[in-house]
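Coordinate-derived values only; no laboratory data. As the structure is a prediction and not an experimental result, all values here were calculated from the model. With ideal geometry, Cβ positions are generated from the backbone for all residues, glycine too; neighbour counts draw on all protein chains shown.
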């Protein structure tokens, strides 16, 4: 159970869904450490 709220891949929409799709294409999936950015998709975009 995560202590930090995240948005699951199946619940993502908009730009977050697009970013998750890119991560899944380039990796085997979306790592939990990257999911912490899910509440602020701009920070995920800047991180990767």
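Using the count of nearby Cβ atoms within 10 Å as a rough guide to exposure, how do 4, 36 rank from fewest to most? If you can, show how the numbers build up before the last one.
Numbers: 4 9, 36 17.
Lowest to highest Cβ neighbour count: 4, 36.
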Expected 222 nm ellipticity per residue - DSSP helices of 4 or more, -39500 (n - 2.57), all of the chain, to 500: -13500 deg cm²/dmol
Need the full-extension length gain, residue 33 to residue 47, defined as separation in residues times 0.36 nm minus the C-alpha distance. One decimal, nm. 3.9 nm
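Pull out the extension gain between residue 4 and residue 26, defined as 0.36 nm times the separation in residues minus the alpha carbon to alpha carbon distance; nm, one decimal. Present the calculation step by step, with values, prior to reporting the outcome.
Numbers: separation 22, 0.36 × 22 = 7.92 nm, distance 2.45 nm.
Length gained, residue 4 through residue 26: 5.5 nm.
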